[in-house]
1. Taking the conditions exactly as written (under 24 Å from residue 264 (Cβ atoms), among the charged types (D, E, K, R) and under 21 Å from the mean Cα position of the chain (by Cα)), does residue 394 satisfy them or not?
2. So, in region 326-362, of the ones that are open to solvent by 40 Å² or more (accessible area, probe 1.4 Å) and aliphatic (A, V, I, L, M), which residue ends up modelled with the lowest pLDDT?
3. From the set of residues in region 378-408 that are closer than 23 Å to residue 91 by Cβ and in contact with a Gly (Cβ under 6 Å, 6 or more places away or on another chain), which is most open to solvent (accessible area, probe 1.4 Å)?
4. Would you call residue 294 open to solvent by less than 30 Å² (accessible area, probe 1.4 Å), part of a helix (DSSP H, G or I) and either out of contact with any helix residue (DSSP H, G or I) (no Cβ under 9 Å at 6 or more places or on another chain) or within 16 Å of residue 439 (Cα to Cα) (or both)?
5. Based on what the data block shows, is residue 422 within 25 Å of residue 367 (Cβ to Cβ) and either at pLDDT 85 or above or surrounded by fewer than 19 Cβ atoms within 10 Å (Cβ to Cβ) (or both)?
6. Say we look at region 109-124 and pick out the residues that are small (Gly, Ala, Ser) and open to solvent by 60 Å² or more (accessible area, probe 1.4 Å); which of these is nearest to residue 162 (Cα to Cα)?
7. Among the helices (runs of 4 or more DSSP H) contained in region 101-219, which hold 1 or more residues that are β-branched (Val, Ile, Thr) and farther than 26 Å from residue 42 by Cβ?
8. From the residues in region 220-238 that are outside any loop (DSSP other than H, G, I, E, B) and in contact (Cβ under 8 Å) with a residue 24 or more places away in the chain, which one is surrounded by the fewest Cβ atoms within 10 Å (Cβ to Cβ)?
Amino acid sequence: MVDARDDRARRNIATALCNQLITTACGIVTLRVLLASFGSEAYGICASITQFLSYIMLLESGIGGGARTALAEAGIELYPGVSGSVARAKLYVPLAQHDMCEVSAVYNAIRRFFYYVAAAFVAYSVLLGLTYHDLAGVTLYSGPYIFALVLTIGLSTLAKYMGGLANLTLIVADQRQYVNNCIMIAAAIVNAAAVVLLTQLKTQLLWVKLGSSLIFAVRPLLYRLYVKKHYPLPKAGKASAVLDQKWTGIGQHIAYFLHMNTDIVLLTLFADVNLVAVYAVYNLVISSMRAIVGSLSSGMEAKFGELIAKGRLDRLRHAFWRYQTLIVSATVVLFSCMGTLIVPFVRLYTKGITDADYMQPAFALILLMAEGVNCMMLPYSSLPAAANRFRQTRWGAYGEAAINVILSCALIHWRPLIGVALGTLSATVFRSVYYMAYSGRHILHIPLSKLLVRFAAAAALLGVLAAAGCRLLQGIAIDNYFQWVLWGLATLSAVGAPTAFYCWKRLREAKYETDSDRK
């Protein structure tokens, strides 16, 4: 069984990396095509509508699926947070024990729950379609057109709730993310081709978004077919008795959701949709790097959950150190390179688009640091979820959401983009320290000082490298993508070689960590 788990982990990581590279490339193509064809305001409206529609996820209550929040415009899925953790945590033990009756009980609870969420989503979409035109002060399109656009963008989400999330939760909990990765690769490629083709045919924005929604609506059907073929699920009893810690899951899910979805909503309400487009461009690149780092942790929570369920503390520590070393090393390399190259890339990427100011180096650096810290804490935040410790860690999630919302609201009137980025960074640092303290003391039994020193050193190194690289290229003209790639390779070599050596050395030493952790 251990060999099978390790084999799945390798497949998860390999397919996740391919998924993120392909979906990132497709997302970059489609975003550029949409900006060039329809302008910053139109794209900002679509991104804002998608963000408002995602607020229906509050009804998921921290219970539902293993699916990730979709960045529909780019066809990229982000790394999952609290959503689905309660259900996944309940599945780890019965899956490890091959108790298909209990698995079926949890599965049926999730599926029944999302039928109600789907009904609520339809009502919410209609309400948003009727009010968004006036709420966002849209002048580019008429009210009926915005109404149709909202319903069109929401179509793929409705399909997800009707049949996708329950199946995907089971697939993810069983450490079979490679199934989702392969489906996502195919969907991203088909979507990018469809967007390019439709825009070349001078199709209206509404029909372009409808094409994308229909393509992504096919995914839930594929998840259902896979589960039906590979999991013999007997009928279970009442679902309401299956999911404990539900109310704690509700609170943590709402807190996590508010933290992750504050920025675009605040920019829509207190700034303008052109700034939403600027935010979306930078966030596309940064979230893509975050997703690539997240792909290295594919199956990490399921692995931790299995080891915790079996009481194998030494193996848990060993797995933790390996994941932590790998993820921190990848974060430092990718995010420091991105800090150097992101502004020159955006300058080339938005060349010829003059309806918004896309040159925002300070905002890029702050948002980059926030997501870099978020990546470094992935092993720490996965441990409480794997151990089903939602109630014990709820104040970390609540504090993160409160800090982000309060600081962002206070600073957005000063400088909108930088204000929301500072709110996100401050909240992420708080959550990192909180989860680090809890995981070290109550799960790993490792002193906080040992974890904190490593975390602070890695974060400081990332900040210094990103800021130095950004400053270095400010006075250098990069006129085309070929020059940008050359600078990228030089930066990657300078940062990647020593980091790769350090990572290799630490991974070899990881097996000795368990002996010293108790000291």
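The values are calculated or read from the model by the stated rules, or taken from the named source; none is laboratory data. Small disclaimer: the values here were computed from a predicted structure and weren't measured. Neighbour counts are summed over all protein chains in view; Cβ atoms, including those assigned to glycine, are modelled from backbone coordinates with ideal geometry. The protein model used for the area step is the full one, side chains on, heavy atoms only, and it has no ligands, DNA or RNA in it. Shrake-Rupley method; radii C 1.70, N 1.55, O 1.52, S 1.80 Å.
1. It is false that residue 394 is under 24 Å from residue 264 (Cβ atoms), among the charged types (D, E, K, R) and under 21 Å from the mean Cα position of the chain (by Cα).
2. Among those that are open to solvent by 40 Å² or more (accessible area, probe 1.4 Å) and aliphatic (A, V, I, L, M), it is 326.
3. 394
4. no
5. Considered against the rule, which asks whether it is within 25 Å of residue 367 (Cβ to Cβ) and either at pLDDT 85 or above or surrounded by fewer than 19 Cβ atoms within 10 Å (Cβ to Cβ) (or both), residue 422 comes out as yes.
6. 119
7. Filter on region 101-219 gives 165-173, 177-200.
8. 221
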